[in-house]
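Report on the following structure.
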Amino acid sequence: MQGALGPPPGGFPEPFRTNVLKGRSLKDGRDRFEGRPGSELPSYDFASAEKNLKEAYGEKRITRKEVLSHALYPAVFKDYLAFENRFGNIEKLPTHMFLRPMTVGEESHLHLGPGKDYFILLSHIDEFDKDLGTRTVTLEVNGEKWFIRTPDIVTPENSGDGSSGPAKRREKKDPTGKGSIGTPMPGQIVAVNVEDGDEVKEGQTLFKLSAMKMETEIKAPFSGTITRLLAKQGDSVEADDLLAEIYSDD
């Protein structure tokens, strides 16, 4: 009734609308929008948004469609690309296979294009590995056995006390967030040189990561304040796990 979605054809019925809006107001004190609400929004810089997205996700992944998607639903867009980065492109996966998990013994047909037909049989699902937080899934793809280790976040969440493994997977860094500090590769955090709330300088070493028998320094990309610290010494991490966030007024 306040017109946040725009006025309907013919306008709102009166005096019904006025009676409904009594005692209700927008953040700026008005009781309703006049005309099209979108006309009051600040101008959106599509060119700048496209540049930032291509820097974060790559030139080939970002088209005009992705820029518009990010402008309309930025959080949903980032979540989807994080999902895609983890699981791959699922555009050709049938909806029923995505929404309803296969059961052991079930076979499905997957058509990916001319000459690309796959008959997939779910043969076996191993017990939950509480040390790794994963299960090994055995598939038969056109008669060939595939063994895939996949994360299982449902079992530990359902256990209640976390005794079955880690409570949840680590939060991933935001590729579009300049102050989102993530891990460049899997490894173990061997040193944490900052605390929550610390002021840091550009180039300052925040963490040391041990991976492939080498130590990698993770440095601050700019000067600012540590607003979130999510890692501690001894943590095992995967690529792109979020370690900290830095805020700067600049």
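A few points about this structure:
- Under the combined filter of DSSP loop state and at most 14 neighbouring Cβ atoms within 10 Å, the range 199-238 retains these trypsin sites (Lys or Arg not before Pro): Lys201, Lys213, Lys232.
- The chain, accessible surface, carbon-and-sulfur percent (1.4 angstrom probe): 54 percent
- Choice from His96, His109, His124 showing the highest fluctuation, given a GNM over the chain with Cα pairs closer than 10 Å: His96
- Most mobile of Val194, Val104, Val67 in a GNM of the chain (Cα contacts under 10 Å): Val104
- Global form of the chain, assessed from the alpha-carbon gyration tensor, a/c cut-off 1.5: oblate
- At q = 0.09, 0.13, 0.22 Å⁻¹, base-10 log of I(q)/I(0) for the range 81-225 (Debye sum, equal scatterers on each alpha carbon): -0.47, -0.85, -1.40
- Per-residue SASA remark: Ile153, around 70 Å² accessible (1.4 Å probe; ligands, DNA and RNA not included).
- Compactness of the range 15-91 as Cα Rg over 2.2 N^0.38 Å, two decimals: 1.64
- DSSP loop chymotrypsin sites (Phe, Trp or Tyr not before Pro) with at most 15 other Cβ within 10 Å excluded, longest remaining stretch of the chain: 45-221
- Where the chain is the region considered: accessible area per residue in Å², 1.4 Å probe: 68 Å²
- Highest GNM mean-square fluctuation among Gly38, Gly179, Gly234, for the chain modelled with Cα contacts below 10 Å: Gly38.
- The loop-placed GluC sites (Glu not before Pro) in the range 187-250, going by DSSP, that have at most 16 neighbouring Cβ atoms within 10 Å of their Cβ come out as Glu195, Glu202, Glu238.
- Per DSSP, loop GluC sites (Glu not before Pro) in the range 4-105 with at most 15 further Cβ within 10 Å: Glu34, Glu59, Glu91
- Within the shell defined by Cβ-Cβ distances under 13 Å, the residues around Val20 carry a net charge of +2, with Lys and Arg each +1 and Asp and Glu each -1.
- Net charge of the neighbourhood of Leu53, taken over other residues with C-beta under 14 Å away and scored Lys/Arg +1, Asp/Glu -1, is +1.
- Mean ellipticity per residue at 222 nm, deg cm²/dmol - from DSSP H runs of n ≥ 4 across the chain, formula -39500 (n - 2.57): -5500 deg cm²/dmol
- Neighbour net charge for Thr205 - beta-carbon separation under 11 angstrom, K R +1, D E -1: +1
- Against the rule of thumb 2.2 N^0.38 Å, how large the Cα Rg of the range 167-217 comes out: 1.24
- Contact order relative to length of the chain, as percent, for alpha carbon pairs under 8 angstrom and 6 or more apart: 11 percent
The values are calculated or read from the model by the stated rules, or taken from the named source; none is laboratory data. Just so it is clear, the model here is predicted, and its values are computed rather than measured. Backbone-built Cβ (ideal geometry, glycine too); neighbour counts: all protein chains shown. Areas reflect the complete protein model, heavy atoms only, side chains present, ligands, DNA and RNA absent. Shrake-Rupley method; radii C 1.70, N 1.55, O 1.52, S 1.80 Å.
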